[in-house]
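The values are calculated or read from the model by the stated rules, or taken from the named source; none is laboratory data. Just so it is clear, the structure is predicted and the values come from calculations on it, not from any experiment. Because the Cβ atoms are built from the backbone with ideal geometry, glycine has one as well, and the counts that use them run over all protein chains shown.
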Amino acid sequence: MESTSSQAIITCKGAVWWGGGEKDVSVEEIEVDPPQATEVRVKMLLASVCHTDLLRAKGIPSPLFPRVLGHEGVGVVESIGEKVTNVKVGDVVIPTFIGECQECENCISKETNMCLKYPPTFNGLMLDNTSRMSIRGQRLYQLFSCATWCEYMVVEENYLLKVDPTIDLVHASFISCGFSTGFGAAWKEAKVQSGSTLAVFGLGAVGLGVVSAAKMLGASKIIGIDKNGMKKAKGEAFGMSDFINPIESDKPISVLIKEISGEMGVDYCFECTGVPPLLTQAVEATKTGKGKTIFMGAAAADEDFVQVRFRALLLGRTLKGSIFGGLKARSDLPIIAEKCLKKEFPLDELNTHEVSLMEIGKAFELLKQPDCVKVVVRI
Ligand code: CXF
Ligand code: ZN
């Protein structure tokens with residue numbers, strides 16, 4: 001790092017993907033601009049890996065390269081633009097890929113977290129369609145409007161949440177996307193009722209977030225589904241009551257769920273894998289007339305359309321897609337951060353693998369290991 005003045009460009013290390021596939025990465029010296037008026041430059045302390053990063057490395061849904069990846073993480077504010085009011089230098093912050101302006105039609109609505117002023121940016125750029133990162137004069141795409149696998153990044157202040165500086169940094173990183181997405185899906189999207197029943201497809205960080213919220217909300221049956229038997233213990237640590245390993249049976253998963261929940265099926269299903277055929281299984285496992293299915297898994301590009309059996313939905317069930325679990329970044333996420341601070345969830349269970357920033361090239365291979373839940377990136 002060569003300079004720390006808020007007006008100076010910082011030269012620091014960042015992980016750059018070049019477009020030749022998920023392994024085409026090198027850790028490079030990159031330039032990070034000073035923050036503009038409403039922006040914040042953050043010194044990254046620690047980050048983690050989400051499956052969205054892997055898709056972006058493969059150029060899904062669009063090939064935007066060269067690109068610095070990473071959107072989960074935690075850091076400390078290095079400098080701020082002159083109009084920044086929510087954070088100050090030295091604050092510990094996590095990035096959120098959706099903001100909350102608290103003024104737009106969607107922010108005022110209780111029905112959605114999809115802020116219209118600070119939406120997720122899918123073009124790897126800031127809201128003004130530029131980036132604050134470059135390499136040898138060439139602009140770098142970011143992951144969303146941030147990129148965390150680097151020593152410094154610039155973020156619009158509305159996409160940052162200040163957290164208690166005593167928070168466990170690994171836990172803080174986990175709640176910046178995956179775990180919170182699942183937690184929110186049960187809490188805010190499905191609004192899981194006490195005594196209800198549910199099934200969770202995929203026991204990664206997102207699925208385990210669903211399990212945690214369902215437990216908190218008093219669900220009577222929390223069924224976890226994962227083709228990796230090692231996930232049974234993980235699910236149980238977070239409050240799962242039943243486990244299905246679908247590869248141990250020839251029956252459809254919806255049938256296996258009904259064998260546990262009763263013939264009517266469950267009140268809610270949560271699809272956290274992004275495997276298209278599982279969506280119909282999830283919907284059909286819910287009660288006719290009132291079952292709700294929330295899906296969060298992002299499908300690979302060649303599977304951009306999913307088919308859901310017509311009759312399954314026609315029988316009065318609901319299917320809802322969710323980004324960030326319906327969590328409003330400023331109103332809801334601090335509640336999860338507080339619970340995280342109080343160690344209400346066994347988040348250490350998610351921390352199965354670690355790499356340094358210099359070893360980032362190993363991260364996706366580790367993510368695909370059967371026993372992997374999360375890969376932590378030490379910056
Ligand atoms: C993603 C899921 C796919 C759409 C963009 C947001 N969530 C986090 O990684
Ligand atoms: Zn993510």
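Structural remarks
- Taking (1) in a helix (DSSP H, G or I); (2) within 16 Å of ligand 2 (Cβ to nearest atom) in turn, residue 147 satisfies each apart from (1).
- Among residues of the range 276-307, those that are within 24 Å of the chain's Cα centre (by Cα) and crowded, with 24+ Cβ neighbours inside 10 Å, counted: 8
- Only residues that are touching a Lys or Arg at 6+ places or on another chain (Cβ under 8 Å), within 21 Å of residue 59 (Cα to Cα) and within 16 Å of ligand 2 (Cβ to nearest atom) were counted across the range 95-126, and they come to 1.
- Residues being among the acidic types (Asp, Glu) and either within 16 Å of ligand 1 (Cβ to nearest atom) or touching a Leu at 6+ places or on another chain (Cβ under 9 Å) (or both) - total across the range 32-86: 2
- Near pairs, Cβ below 9 angstrom, 6+ apart or cross-chain, from the range 129-144 (part of a strand (DSSP E or B)) to any residue that is basic (Lys, Arg) and away from ligand 1 (no atom under 16 Å from the Cβ): 133/139
- Residue 100 touching a strand residue (DSSP E or B) at 6+ places or on another chain (Cβ under 6 Å) and either away from ligand 1 (no atom under 14 Å from the Cβ) or modelled with pLDDT under 95 (or both): no
- Count of the range 71-81 residues which are away from ligand 2 (no atom under 16 Å from the Cβ), aliphatic (A, V, I, L, M) and buried (at least 21 other Cβ atoms within 10 Å of the Cβ): 2
- Within the range 174-220, considering residues that are assigned to a helix (DSSP H, G or I), among the polar types (S, T, N, Q) and within 11 Å of ligand 2 (Cβ to nearest atom), the one farthest from residue 114 (Cα to Cα): 180
- Residue check for residue 371: in contact (Cβ under 8 Å) with a residue 60 or more places away in the chain, surrounded by fewer than 18 Cβ atoms within 10 Å (Cβ to Cβ), under 18 Å from residue 202 (Cα atoms) and more than 15 Å from ligand 1 (Cβ to nearest atom): yes
- Cβ separations smaller than 7 Å between residues 6+ apart or across chains give the following pairs from the range 179-199 residues that are on the phi > 0 side of the Ramachandran plot to residues that are away from ligand 1 (no atom under 16 Å from the Cβ) and at pLDDT 95 or above: 195/218; 195/220.
- Single residue of 49, 84 found to be more than 16 Å from ligand 2 (Cβ to nearest atom), β-branched (Val, Ile, Thr) and either touching a residue at least 24 places away in the same chain (Cβ under 8 Å) or crowded, with 22+ Cβ neighbours inside 10 Å (or both): 84
- Sole exception among (1) farther than 18 Å from residue 118 by Cβ; (2) within 16 Å of ligand 2 (Cβ to nearest atom); (3) buried (at least 17 other Cβ atoms within 10 Å of the Cβ) for residue 34, by number: (2)
- Checked against (1) surrounded by fewer than 18 Cβ atoms within 10 Å (Cβ to Cβ); (2) within 16 Å of ligand 1 (Cβ to nearest atom), residue 202 meets all criteria but (1).
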